[in-house]
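Here the structure is laid out as structure tokens; the discussion comes afterwards.
Throughout, read-outs are computed from the coordinates displayed, never taken from laboratory work. Because the structure is a prediction, the values reported are computed rather than measured. As a convention, Cβ positions derive from the backbone with ideal geometry for all residues, glycine included, and neighbour counts pool all protein chains shown.
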Amino acid sequence: ETSNDIILLGHKYPTDKWTNITQNIICKLGKNLHITPYHPLSHIRQRIVNYIYMQFYNRIGNPIFSVYDNLSPIVTVAQNFDSLLVPKDHPSRKKTDCYYINQDTLLRAHMTAHQTELISMGLNNFLVIGDVYRKDEIDSMHYPVFHQVDAVRLCTIDEVFQNVNNTDGLRLFEHRGIESNEKQACHTLESVKVMEHELKNTLTGLAQTLFGSEVQYRWTEQYFPFTHPSWELEVYYKDRWLEILGCGIIRQEILQRTGTEERIGWAFGLGLERLAMCLYDITNIRLFWSKDTGFLNQFKVEDPNVTIKYKPISIYPQCKNDISFWLPEDRHYSSNDFYDLVRDIGGDRIEQVILKDEFTDPKTKRLSHCYSITYRDMERTLTKREVNNVHKQIGNIAAEKLHVKVR
Ligand code: PHE
């Protein structure tokens, strides 16, 4: 078998049948919006880091968390999934959900991909911040590249029970425990409850720091393969509940595998775009990639804590165009692959793609999809001709690459 190499961020990678990274995604590598001075995502990052520094300090007042915000987004399947106990058949591993460089290498789908490595280095308190990549739907809230902050805190028995007067008989681990909704089998209930309390306090405190002390929030139960128990924090914003982060008690098996035997840990992961959109009234996620000074200049402040409400510069007209096609009969088809192809061809001129209609031919039993594609550029009016050209190209390339038959 012959394989072609690709060069990403200055390194060479072999490609294979798993390769599904597109030019549109490759362009985003190394952009590092989260550390670009004055960028709204960078302001939010700074506020979160400042908050964590202030919450956790040592005897002489220095922050105990270290920050990693410049790790390469190219990771192994082992880092992104295996080391985090993600089952081999878990849907998050699918080619239709991730950007693979080859069968062993992908663009990280979450910042948690770095967790075990950093723990193995001996770190006990750290933040990992960067760009993550997922194939997804296309609308004002979703973009295949976004940014996350992950945190890990590992505590010894003395740290867990530091505020308890009589620690006689208190343990982190028990041998014949059973797993329940409240805890993992190996943990004592008292150690988990203390950790849960610190984790939830830290995160509601963060929500109040970002949104104001009046913010309404609630906790919901969640599932992640790498934490148990796990929760999600939601805040009430503009008449609806918004999930802003996932968190939980780290699976002890993960810590054991790194040789960390005497500590128990918590972790959380949150998305920066969602927060920035709420806090700055940014209604479209594509704007974060805008190079327009009309956008960027509105965030040119030294102090990330000042209140900014983004004012849209001008709204260019949108243009909707439908496309219908028969799905291939003899092979797998996923809407996510079509979304990715649309994005690859249309770039940031694509505002939204929705699956409008599904239909099965009563005679032939063939399945047909109809998608509505909304075109709108953030920075100029698109001509009919340009839109028609892109639309036609999408049809042609979908026919060729996804084996659909345009109707
Ligand atoms: N990695 C999870 C996500 O991307 C978030 C998370 C991080 C949850 C750490 C629990 C612990 O959704």
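Toward the positive end of the charge dipole of the chain, about the Cα centre and with charges on Cβ (Lys, Arg +1; Asp, Glu -1), which of MET195, TYR237, GLN79 goes farthest?
Looking along the dipole axis, the top candidate is TYR237.
Which of ARG376, ARG385, ARG108 ends up with the largest GNM mean-square fluctuation for the chain, with Cα atoms connected below 10 Å?
In the Gaussian network model the winner is ARG385.
Which one, PRO40, PRO87, PRO73, has the greatest fluctuation when you compute a Gaussian network model over the chain with C-alpha springs under 10 angstrom?
Maximum fluctuation in the GNM of the chain, among the listed residues, is at PRO87.
Using a basic spin-label model with each label point 7 Å from the Cα along Cα→Cβ, how many nm lie between CYS370 and ILE26?
The answer from the label model is 3.7 nm.
Before anything else, pin down the relative contact order of the range 65-208: Cα pairs under 8 Å, at least 6 apart, normalised by residue count, whole percent.
18 percent
Could you list which residues have their amide H under 5 Å from that of THR188, counting only those 5 or more apart in sequence or on another chain, with H placed in the peptide plane?
It is PHE173, GLU174, by chain and number.
Which whole-angstrom value gives the distance between the alpha carbon centres of the range 219-275 and the range 135-162?
After rounding, the separation between the Cα centres reads 7 Å.
Counting pairs of alpha carbon atoms under 8 Å apart in space and at least six apart in sequence, what relative contact order in percent does the range 1-121 give?
Here the relative contact order equals 28 percent.
Hey, can you grab everything whose amide H is under 5 Å from the amide H of VAL67? Only 5+ residues off in sequence or another chain; H modelled, so Pro and N-termini drop out.
Sorted by chain and number, the residues that satisfy this are LEU127.
Tabulate in residue order the Karplus-calculated ³J(HN,Hα) for the range 156-163, using 6.51 cos²θ - 1.76 cosθ + 1.60 with θ = phi - 60°, rounded to whole Hz; enter x for Gly and Pro.
Per residue, the Karplus-derived 3J(HN,Hα) values read 7, 4, 5, 5, 4, 9, 4, 9 Hz.
At 7 Å along Cα-to-Cβ for each site, give me the label-to-label distance between VAL306 and LEU170 in nm.
According to this spin-label approximation, the distance is 4.5 nm.
Given 0.36 nm per residue, what is the gain on full extension from ASP330 to ASP16 after removing their alpha carbon distance, in nm?
Gain in length upon complete extension: 110.8 nm.
Note down the relative contact order for the chain as a percent, whole number, built from C-alpha pairs under 8 angstrom at least six residues apart.
That works out to 15 percent.
Restricting the count to DSSP beta bridges whose residues both fall in the range 34-164, what percent are antiparallel, rounded to a multiple of 5?
Expressed as a percentage, antiparallel bridges in the range 34-164 total about 85.
How much net charge surrounds PRO328 when only other residues with a Cβ under 10 Å from its Cβ are counted (Lys, Arg +1; Asp, Glu -1)?
So the environment of PRO328 carries a net charge of +1.
Under a 5 Å amide H to amide H cut-off, with H placed in plane at 1.01 Å, what residues pair with VAL86 once short-range neighbours are removed?
none
May I ask what percent, to the nearest 5, of DSSP beta bridges between residues of the chain are antiparallel?
Percent antiparallel among DSSP bridges in the chain is about 95.
Assuming R0 = 25 Å, can you tell me the calculated FRET efficiency for the pair LYS356 and LYS291, based on Cβ-Cβ distance, to the nearest 0.05?
Given R0 = 25 Å and the Cβ-Cβ separation, E is 0.20.
In debye, nearest 20, what is the charge dipole magnitude of the chain about its Cα centre with +1 on Lys and Arg Cβ and -1 on Asp and Glu Cβ, if you could check?
I would put it at about 1240 debye.
Report the charge-dipole magnitude of the range 4-143 in Debye, nearest 20, computed about the Cα centre from +1 at each Lys and Arg Cβ and -1 at each Asp and Glu Cβ.
180 debye
Pairs LYS300/LYS384; LYS95/LYS320; LYS356/LYS384; LYS238/LYS309: which exceed 26 Å Cα-Cα?
LYS300/LYS384; LYS95/LYS320
Step through the residues of the range 9-14 one at a time and calculate ³J(HN,Hα) from phi using the Karplus curve (6.51 cos²θ - 1.76 cosθ + 1.60, θ = phi - 60°), rounding each to whole Hz and writing x for Gly and Pro.
Coupling constants for the range 9-14: 6, x, 10, 9, 10, x Hz.
Tell me, in nm to one decimal, what length is gained between ARG240 and LEU71 on full extension, where the rule is 0.36 nm per residue of separation less the Cα-Cα distance?
57.4 nm
In a shell of Cβ-Cβ distance under 10 Å around ASN124, excluding ASN124 itself, what net charge do Lys and Arg (+1) and Asp and Glu (-1) give?
+1
If you stretched the chain out fully between THR220 and ASP281, how much longer would it get, using 0.36 nm times the residue separation minus the C-alpha to C-alpha distance?
19.4 nm
Looking at the square roots a ≥ b ≥ c of the eigenvalues of the Cα gyration tensor of the range 40-84, which shape do they give, rounded for a/c under 1.5, prolate if a/b is larger than b/c, or oblate?
Judged from the Cα gyration tensor, the range 40-84 comes out oblate (a/c at least 1.5, b/c at or above a/b).
Karplus couplings for the range 326-335 from phi (6.51 cos²θ - 1.76 cosθ + 1.60, θ = phi - 60°), rounded to Hz, Gly and Pro as x?
These are the phi-based 3J(HN,Hα) values: 7, 6, x, 7, 10, 8, 5, 9, 10, 4 Hz.
Using only helices, what value at 222 nm comes out for the chain when you add -39,500 (n - 2.57) per DSSP H run of length 4 or more and divide by the total residues, to the nearest 500 deg cm²/dmol?
Mean residue ellipticity at 222 nm (helix-derived): -7500 deg cm²/dmol.
Would the range 261-407 count as rounded, prolate or oblate if I go by the C-alpha gyration tensor, calling it rounded below 1.5 in a/c and otherwise prolate when a/b exceeds b/c, oblate otherwise?
It is oblate, given that a/c is not under 1.5 and a/b is not larger than b/c.
If you place +1 on the Cβ of every Lys and Arg, -1 on the Cβ of every Asp and Glu, and leave all else neutral, what size is the dipole of the range 210-318 about its Cα centre, to the nearest 20 Debye?
Once rounded to the nearest 20, the dipole reads 380 debye.
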